[in-house]
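Enquirer: What follows is a single structure, and I will ask about it in a moment.
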Amino acid sequence: MKALARANNIADLRALARRRLPRPIFDYIDGGADDELTLRRNSSAFADYELIPDVLTDVSNIRTETRLFGQEVRWPLMLSPTGLNRMFHPDAELAVARAAARHGLLYGLSTLGTTRIEELAKEFAGPKVFQIYVFKDRGLTAEFVARCKESGFHGLALTVDTPVAGNRERDRVNGLSLPPRLTLKSFMSFALHPGWSLPALTGSKFDFANVSHKVDALASGPMSLFDYIGGQFDRSLTWRDVEWLASEWGGPLAIKGVMTPEDAKHAIASGATGVMISNHGGRQLDSAPAPIDQVAAIRDVLGDGPDVICDGGVRRGADVVKALALGATACSIGRPYLYGLAAGGEAGVDRALSLLLEELERTMILAGINDISGIRARHVRSRGSRR
Ligand SMILES: Cc1cc2nc3c(=O)[nH]c(=O)nc-3n(C[C@H](O)[C@H](O)[C@H](O)COP(=O)(O)O)c2cc1C
Ligand SMILES: CC(C)CC(=O)C(=O)O
């Protein structure tokens with residue numbers, strides 16, 4: 001697609017996604033909670049850090065490989081789990097995973113994805129983790145663990161920042177439901193985007209593929225995401241459950257949604273092997289700090305061993321270098337690849353990943369860093385602490 005080739009950055013892909021999707025669907029991807037303070041801050045916080053380059057270091061060969069969730073990956077960038085991908089493009093999670101495989105990246109499948117664990121594993125041989133939401137039906141969690149073991153998943157990520165849905169006001173205003181339905185209000189928006197609307201509303205069946213055999217909340221008709229989460233997610237979750245999950249799984253486990261050094265320590269003490277510093281892309285607790293601002297303090301208390309993943313607000317390859325210089329093992333992205341998926345399916349995801357990885361490599365060359373493992377604290381400086 002010519003339009004994809006003309007996209008020079010993630011912001012261009014966002015503009016393409018906005019054109020292609022009906023408003024309620026674009027807003028669901030793009031939006032955040034309440035006043036979207038955290039959503040904006042997640043990205044703008046990166047601008048508060050400067051990169052301090054070395055020169056004359058021989059940057060003719062750049063090494064970007066690292067390990068994440070115990071697996072060798074080509075780049076320190078992973079694809080965060082996101083639900084409902086079939087709502088954005090009929091090729092859904094498989095399109096995303098195929099593009100991730102082409103770039104040697106680690107892929108995260110959501111509990112509320114629209115592709116089954118087994119189907120994803122069959123199509124995608126690369127490094128993969130499954131993200132767990134704990135439902136009131138606890139049998140589902142044990143079942144996920146067994147299915148992931150059977151299917152050869154390499155890690156789990158337990159999301160802990162969603163005891164209830166954040167107040168996403170764009171979704172309320174748009175009357176977004178699962179599955180999306182034609183209403184008087186949405187009619188014009190759907191009619192103006194037939195390329196999206198026809199397959200989504202008629203052809204490919206929308207389904208929470210990994211849970212619907214046990215939880216049939218949508219069987220009696222469409223409902224809001226707020227009601228679905230409110231009715232199904234288990235709010236009684238504690239660190240005891242992390243201990244249980246860690247021992248039941250026995251492999252790499254990250255707690256997704258950790259924001260403080262204290263909770264990061266708690267995660268490792270409870271059996272996790274890493275943390276994803278995340279505020280759910282600004283979709284849950286508004287006014288939570290930006291993940292990038294929490295990286296240094298969390299790495300400081302955890303020491304060298306555990307995976308520390310900075311999740312949220314990454315829109316440029318340079319952001320990844322900043323996060324690694326502050327102590328992260330890798331960064332993780334959600335919206336950047338979803339904009340690509342919505343804009344052009346697998347080719348769109350591929351474009352998003354290519355752009356970010358080219359930027360990351362170019363940033364390393366310009367900063368005189370020829371190996372990911374050579375990124376140091378001295379390569380970054382907070383603008384507030386300029387000497
Ligand atoms: C449309 C959408 C759906 C998401 N679904 C999930 C999900 O099912 N599980 C989860 O743990 N996080 C989910 N997230 C959060 C992402 O995993 C990730 O934390 C966030 O997108 C990172 O911020 P970024 O979009 O700025 O990169 C979702 C995010 C978006 C935008
Ligand atoms: C299906 C949802 C629970 C996915 C999600 O976590 C989100 O919209 O942020």
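Enquirer: With the requirement that a residue be part of a loop (DSSP other than H, G, I, E, B), away from ligand 1 (no atom under 16 Å from the Cβ) and of a type in the set (Gly, Ala, Ser), what does the range 97-150 give you?
Expert: Those that are part of a loop (DSSP other than H, G, I, E, B), away from ligand 1 (no atom under 16 Å from the Cβ) and of a type in the set (Gly, Ala, Ser): Gly104, Ala125, Gly126.
Enquirer: Still on this model: Go through the range 300-314 and count every residue that is surrounded by 20 or more Cβ atoms within 10 Å (Cβ to Cβ) and either over 19 Å from Val73 (Cβ atoms) or touching a residue at least 60 places away in the same chain (Cβ under 8 Å) (or both).
Expert: The total comes to 6.
Enquirer: Which number in (1) in a loop (DSSP other than H, G, I, E, B); (2) more than 28 Å from Leu37 (Cβ to Cβ) marks the one condition that Ser354 misses?
Expert: The number of the failed condition is (1).
Enquirer: Restricting to the range 80-111, and then to whatever is within 15 Å of ligand 2 (Cβ to nearest atom) and either more than 14 Å from Ile29 (Cβ to Cβ) or open to solvent by 10 Å² or more (accessible area, probe 1.4 Å) (or both), can you tell me which residue is modelled with the lowest pLDDT?
Expert: Arg86
Enquirer: Out of Leu225, Leu237, Leu176, which single residue is out of contact with any Lys or Arg (no Cβ under 9 Å at 6 or more places or on another chain) and among the hydrophobic types (A, V, I, L, M, F, W, C)?
Expert: On the way: Leu225 fails: out of contact with any Lys or Arg (no Cβ under 9 Å at 6 or more places or on another chain); Leu176 fails: out of contact with any Lys or Arg (no Cβ under 9 Å at 6 or more places or on another chain).
Answer to the check: Leu237.
Enquirer: If you don't mind, there's one more thing I want to ask. Can you pull out every residue in the range 330-359 that is under 16 Å from Arg74 (Cβ atoms), surrounded by fewer than 24 Cβ atoms within 10 Å (Cβ to Cβ) and in contact with a Ser or Thr (Cβ under 9 Å, 6 or more places away or on another chain)?
Expert: Across the range 330-359, the qualifying residue is only Leu357.
Enquirer: Sort out which residues of the range 254-298 are more than 15 Å from ligand 2 (Cβ to nearest atom), open to solvent by 20 Å² or more (accessible area, probe 1.4 Å), more than 17 Å from Leu156 (Cβ to Cβ) and assigned to a loop (DSSP other than H, G, I, E, B), and write them in order of number.
Expert: Listed by number, the residues that qualify are Met259, Thr260, Ser287, Pro289.
Enquirer: What single numbered condition from (1) under 25 Å from Asp293 (Cβ atoms); (2) within 16 Å of ligand 2 (Cβ to nearest atom) fails to hold for Thr66?
Expert: Of everything listed in (1) under 25 Å from Asp293 (Cβ atoms); (2) within 16 Å of ligand 2 (Cβ to nearest atom), Thr66 misses just condition (2).
Enquirer: Kindly indicate the residue of the range 309-330 that is under 13 Å from Gly281 (Cα atoms) and in a loop (DSSP other than H, G, I, E, B) and also nearest to the chain's Cα centre (by Cα) among those meeting that condition. Explain how you work it out, then say what you get.
Expert: Within the range 309-330, the subset under 13 Å from Gly281 (Cα atoms) is 310-315.
Imposing the further condition that a residue be in a loop (DSSP other than H, G, I, E, B) reduces the set to 312-315.
Details: Gly312: 7, Gly313: 10, Val314: 10, Arg315: 12 Å.
Ranking the qualifying residues of the range 309-330, first place goes to Gly312.
Enquirer: Please indicate, with yes or no, whether at least one residue in the range 9-25 is among the small types (Gly, Ala, Ser), out of contact with any Leu (no Cβ under 6 Å at 6 or more places or on another chain), free of Cβ contacts under 8 Å to residues at least 24 places away in the same chain and more than 10 Å from ligand 1 (Cβ to nearest atom). Steps first, answer last, please.
Expert: Of the range 9-25, the ones among the small types (Gly, Ala, Ser) are 11, 15, 17.
Cutting the leftovers down to out of contact with any Leu (no Cβ under 6 Å at 6 or more places or on another chain) gives us 11, 15, 17.
Imposing the further condition that a residue be free of Cβ contacts under 8 Å to residues at least 24 places away in the same chain reduces the set to 15.
Going one step further and asking which of them are more than 10 Å from ligand 1 (Cβ to nearest atom), we end up with 15.
Yes, the range 9-25 contains a residue that is among the small types (Gly, Ala, Ser), out of contact with any Leu (no Cβ under 6 Å at 6 or more places or on another chain), free of Cβ contacts under 8 Å to residues at least 24 places away in the same chain and more than 10 Å from ligand 1 (Cβ to nearest atom).
Enquirer: Within the range 173-183, which residues are open to solvent by 10 Å² or more (accessible area, probe 1.4 Å) and within 16 Å of ligand 1 (Cβ to nearest atom)? Working first, answer last.
Expert: Here is the first cut: in the range 173-183, the residues open to solvent by 10 Å² or more (accessible area, probe 1.4 Å) are 173-176, 179-183.
The answer is Asn174, Leu176, Pro179, Pro180.
Enquirer: Next up: Of all residues in the range 164-179, which are on the phi < 0 side of the Ramachandran plot and either more than 13 Å from ligand 2 (Cβ to nearest atom) or in contact with a strand residue (DSSP E or B) (Cβ under 9 Å, 6 or more places away or on another chain) (or both)?
Expert: Selection gives Val164, Ala165, Glu169, Arg172, Val173, Asn174, Ser177, Leu178.
Enquirer: Kindly indicate whether any position in the range 214-235 is at pLDDT 95 or above, away from ligand 2 (no atom under 16 Å from the Cβ) and in a loop (DSSP other than H, G, I, E, B).
Expert: no
Enquirer: For the range 1-46, how many residues meet the condition of being open to solvent by less than 10 Å² (accessible area, probe 1.4 Å), in a helix (DSSP H, G or I), away from ligand 2 (no atom under 16 Å from the Cβ) and of a type in the set (Gly, Ala, Ser)?
Expert: Of the residues in that region, 1 qualify.
Enquirer: What are the residues in the range 217-250 that are exposed (fewer than 14 other Cβ atoms within 10 Å of the Cβ) and hydrophobic (A, V, I, L, M, F, W, C), if any?
Expert: Ala219
Enquirer: Within the range 127-144, track down each residue that is buried (at least 19 other Cβ atoms within 10 Å of the Cβ) and away from ligand 2 (no atom under 16 Å from the Cβ).
Expert: Pro127, Lys128
Enquirer: Please determine, by comparing only the residues of the range 360-380 that are closer than 22 Å to Gln294 by Cβ and crowded, with 17+ Cβ neighbours inside 10 Å, which one is farthest from the chain's Cα centre (by Cα).
Expert: Restricting to residues being closer than 22 Å to Gln294 by Cβ and crowded, with 17+ Cβ neighbours inside 10 Å, the top hit is His379.
Enquirer: While we're looking at this one, here's another question. Output the residues belonging to the range 315-325 that are buried (at least 24 other Cβ atoms within 10 Å of the Cβ) and of a type in the set (A, V, I, L, M, F, W, C).
Expert: Val320, Val321, Ala323, Leu324
Enquirer: Checking the conditions here, which among Lys149, Lys214 is basic (Lys, Arg) and either open to solvent by less than 20 Å² (accessible area, probe 1.4 Å) or within 18 Å of Ser110 (Cβ to Cβ) (or both)?
Expert: Checking each option against the conditions leaves just Lys214.
The values are calculated or read from the model by the stated rules, or taken from the named source; none is laboratory data. Just so it is clear, the model here is predicted, and its values are computed rather than measured. Neighbour counts are summed over all protein chains in view; Cβ atoms, including those assigned to glycine, are modelled from backbone coordinates with ideal geometry. What goes into the accessible areas is simple: the full protein's heavy atoms, side chains included, and nothing from ligands, DNA or RNA. Shrake-Rupley method; radii C 1.70, N 1.55, O 1.52, S 1.80 Å.
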